[in-house]
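To keep things clear, I will list the structure first and then write my remarks on it.
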Amino acid sequence: MKELLYNNLVSTQGALTLEDVIINFLAACVISILIYISYKLSHTGAVYSQKFNVSLVMLVLVTTLVMNVIGNNIALSLGMVGALSIVRFRTAIKDPRDTAYIFWAIAVGICCGVSDYLIAGIGTFIIFLFLTFFGFVRDNERILIVVRMEDKAMEAVNNSISSLFEGKAVLRVNNHSVEEKSAEMIFEISDKLVKKSEKTNGMCNKVISEIEGVKSVSIVRQDDEINQ
């Protein structure tokens, strides 16, 4: 019994030939290119990272390499799991969709590493369509309008912003200094309403800054863009 278990653990039966390894990597390269294209199409604007996209391609190839090494060797697979379990990844994920792409890349690498091209191909086709389509779905981006002014201009600013954004701007912060006779008001508004207002009234920060007593107007977006 012990001998049988030992043979199963160290057995290398079914080891991949050179031709199998090359085909596995070629399939991984082709599918990883589709992942690259899908990520580039679905991540437009400031959130797109070309380095991360290239890393997805490398992740597919590395996973394929690991699966080729493991093969049907149980002992080697257990050792590989133990070695990889000590690795800690601390890369910040800026977009929740990036996690899906990481798992997609790993899954494709596993499939190609065990020469299961049918599952890799069908799965990639379905996920490609899904992520590419839903990649164009954007959050209703929130914008903060920060206005610094003399205290006498508070009412005029409040009325102006209410008029510009159809009363849908939410006052989040209202700081007032009696000694310095100054105030700071921060309003939250959706990006959609800001764009709608700018089409009719022009740049909202310019309109607000023309109010007497206003010192500065800043528009802070979620993508860390700041207009003053």
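If you check every pair at least six apart or on different chains, which have Cβ atoms under 6 Å apart with a residue in the stretch 186-210 that is modelled with pLDDT of 80 or more and among the aliphatic types (A, V, I, L, M) first and a residue that is surrounded by fewer than 17 Cβ atoms within 10 Å (Cβ to Cβ) and assigned to a helix (DSSP H, G or I) second?
Going by the 6 Å Cβ cut-off, the qualifying pairs are VAL207/ASN201.
Pick out the one residue from VAL57, VAL30, VAL114 that is more than 30 Å from ARG221 (Cβ to Cβ), modelled with pLDDT under 85 and of a type in the set (A, V, I, L, M, F, W, C).
The match here is VAL114.
What residue, of PHE125, PHE130, is in the same structural domain as GLN50 (by TED's automatic domain parsing), closer than 30 Å to VAL69 by Cβ and loosely packed, with under 14 Cβ neighbours inside 10 Å?
Exactly one of PHE125, PHE130 is in the same structural domain as GLN50 (by TED's automatic domain parsing), closer than 30 Å to VAL69 by Cβ and loosely packed, with under 14 Cβ neighbours inside 10 Å, namely PHE125.
Would you check if VAL173 is surrounded by fewer than 18 Cβ atoms within 10 Å (Cβ to Cβ), free of Cβ contacts under 8 Å to residues at least 60 places away in the same chain, outside the structural domain of LEU65 (by TED's automatic domain parsing) and not acidic (Asp, Glu)?
For VAL173, the condition - surrounded by fewer than 18 Cβ atoms within 10 Å (Cβ to Cβ), free of Cβ contacts under 8 Å to residues at least 60 places away in the same chain, outside the structural domain of LEU65 (by TED's automatic domain parsing) and not acidic (Asp, Glu) - is met.
Could you list, in sequence order, all residues of the stretch 143-170 that are among the hydrophobic types (A, V, I, L, M, F, W, C) and without any contact (Cβ under 8 Å) to a residue 24 or more places away in the chain?
VAL170
Which of (1) touching a helix residue (DSSP H, G or I) at 6+ places or on another chain (Cβ under 9 Å); (2) outside the structural domain of LEU34 (by TED's automatic domain parsing) does TYR117 not meet, given it meets every other one?
(2)
Give me the helices (runs of 4 or more DSSP H) completely within the stretch 153-224, filtered to those with at least 3 residues that are touching a Ser or Thr at 6+ places or on another chain (Cβ under 9 Å), ordered by residue number.
Passing ranges, in order: 204-209.
The values are calculated or read from the model by the stated rules, or taken from the named source; none is laboratory data. Note that the structure is predicted; figures quoted are calculated from it, not measured. With ideal geometry, Cβ positions are generated from the backbone for all residues, glycine too; neighbour counts draw on all protein chains shown.
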